[in-house]
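The structure appears right after this line, and notes come after that.
The values are calculated or read from the model by the stated rules, or taken from the named source; none is laboratory data. As the structure is a prediction and not an experimental result, all values here were calculated from the model. Cβ sites come from the backbone with ideal geometry, for glycine too, and all protein chains shown count toward neighbours. In case anyone asks, the SASA skips ligands and DNA or RNA and just uses the protein heavy atoms, side chains included. Shrake-Rupley method; radii C 1.70, N 1.55, O 1.52, S 1.80 Å.
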Amino acid sequence: MELTVIAVDIAKNVFQLHWVEPDTGSIERLKLKRAQMLTWFASRQPALVMMEACGGAHEWARQLIQLGHQVRLLPPKMIRPFVQRNKTDAADAHAIWTAGQQPGVKFVAIKNDEQQVVLALHRLRAQLMKMRIMQTNEIRGLLYEFGIVLPEGHQALLKELLGALLQVRARLPSMLLDSLDEQVRRIRQLEADIGSIERRLREQLRHTPACTTLAQIPGVGLLTATAVVASMGSPTAFKSAREFAAWIGLVPRQTGTGGRVRQLGISKRGDAYLRTLLMHGARSIVRSDAARGWPWLSELLKRRPYSVAVAAVANKLARTIWAVLARGQDWRPSAWQAT
């Protein structure tokens, strides 16, 4: 029996539903409060529920699956073109219903609780990193006004900051020095918080076989291994390694007309955080002396610019990660270094 497609525009308090009754063909629209959602779906026959992959979508998807429904999450960019005229909750629900039934639509993998917890740790760490950068840049800029030039990077700055403050302690007022000391203590506390999150991620890596396997690949460390496993959901959601690389945005953009197709730079679509980690890992591979002895990498660096070679290695990393996870294999150094 064909399932009824129900589109849900989720929000904080009021949820908008849109579906077509298969028996009568009538278009139905319904508003539900948050407390009514699960009760309403529990009273209906199993249906195919479609939602935008936004805040809270994965949690609602898990709860609806427990009630016997099938759930599909759609990327927001695929829904926007189907919003007609004014943007309202009803229009958004109609757009979700229409977009979810287009041929070739790619759905977002539904994440479990453990995967979302790991991603939450990554987001917290990224936020703390931004705060630390802001704090160190502020100190560097303030002291530059008094003729003190400090190096870039928080570790180098903190190493030279104490000596620099001793040199100017006699000519700077105590209220500024006390404020700078408070700023330094704040930076050290941020470092401690970042270290605590990394220890929790390291513990997660040790207890997750998939992460442990990925960590054996060159250029894949603690952050990349845990972020990939948590972000991709299930590797079987992607038909091939190229599709996984395209999902991260590591394949060329294409433009063409009149039968002529040109390839441009990488598309940069998908998860920017994951793509950044893979690019950093690829850059570490290209810079390493051992990797430069690999025949394929040496030839690549001879015929392509450095940045292009880094993007190509990042693409290769993404494909290797998918192959290891989807096929349940260990990473084979000999085969990877020779091709």
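Observations
- Qualifying trypsin sites (Lys or Arg not before Pro) in region 243-274, where qualification requires a DSSP coil assignment and no more than 14 other C-beta atoms within 10 Å, comprise Lys268.
- For Met50, distant residues with modelled amide H under 5 Å away: Ile6, Ala7, Val8, Arg72
- Entry for P(r) over Cα pairs in 10 Å bins from 0, in percent (calculated from the structure that is shown) out of (i) 5, 19, 22, 22, 18, 10, 3, 1, 0; (ii) 6, 28, 37, 22, 6, 1, 0; (iii) 5, 22, 29, 20, 12, 8, 3, 0: (i)
- Across region 248-255, computed HN-Hα scalar couplings (Karplus, 6.51 cos²θ - 1.76 cosθ + 1.60, θ = phi - 60°) run 7, x, 9, 10, x, 6, 10, 9 Hz from first to last residue, x flagging Gly and Pro.
- Sulfur and carbon atoms: percent of accessible area, region 82-197 [1.4 Å]: 54
- Compared with the alpha-carbon gap, the fully stretched path from Glu152 to Leu172 is longer by 4.9 nm at 0.36 nm per residue.
- Cα-based shape type of region 58-134, given that a ≥ b ≥ c are square roots of the gyration tensor eigenvalues and the cut on a/c is 1.5: oblate
- Restricting the calculation to alpha carbons of region 228-314 gives Rg and Dmax of 14.7, 45 angstrom.
- Fraction of alpha-carbon pairs over 22 Å apart in region 77-234 - percent: 63
- Per residue accessible area in Å² of the chain, where ligands, DNA and RNA are left out and the probe is 1.4 Å: 57
- Under 18 Å of direct C-alpha separation, and excluding same-chain neighbours fewer than eight residues apart, Lys31 reaches these lysines: Lys12, Lys87.
- Violating pairs (Cα-Cα greater than 29 angstrom) within the set Lys77/Lys302; Lys106/Lys302; Lys33/Lys77: Lys77/Lys302; Lys106/Lys302
- Candidate residues Cys54, Cys211: accessible-area rank, largest first, probe 1.4 Å: Cys54, Cys211
- For region 1-151, the orientation-averaged shadow of the C-alpha convex hull comes to 13.7 nm² (one quarter of the hull surface).
- Computed from the C-beta positions of His207 and Glu299 and an R0 of 35 Å, the FRET efficiency is 0.30 to the nearest 0.05.
- Computed lengthening from Ser240 to Glu138, 0.36 nm per intervening residue step minus Cα-Cα distance: 32.1 nm
- If R0 is taken as 41 Å, the Cβ-Cβ distance between Tyr306 and Glu2 corresponds to a FRET efficiency of 0.15.
- Its residue count N sets the reference 2.2 N^0.38 Å, and the alpha-carbon radius of gyration of region 19-88 equals 1.20 times that reference.
- Dividing the helix sum by the residues of the chain, where each DSSP H run of 4 or more adds -39500 (n - 2.57), gives a mean residue ellipticity at 222 nm of -17500 deg cm²/dmol.
- Per-residue Karplus couplings for region 10-15, computed as 6.51 cos²θ - 1.76 cosθ + 1.60 with θ equal to phi - 60°, are listed in order as 7, 8, 6, 10, 10, 10 Hz, Gly and Pro entered as x.
- Other-chain or far-sequence residues with amide H under 5 Å of Arg269's (modelled H): Gly249
- Label-point gap, in nm, between Ala192 and Arg253 - each point 7 angstrom along Cα→Cβ: 4.6
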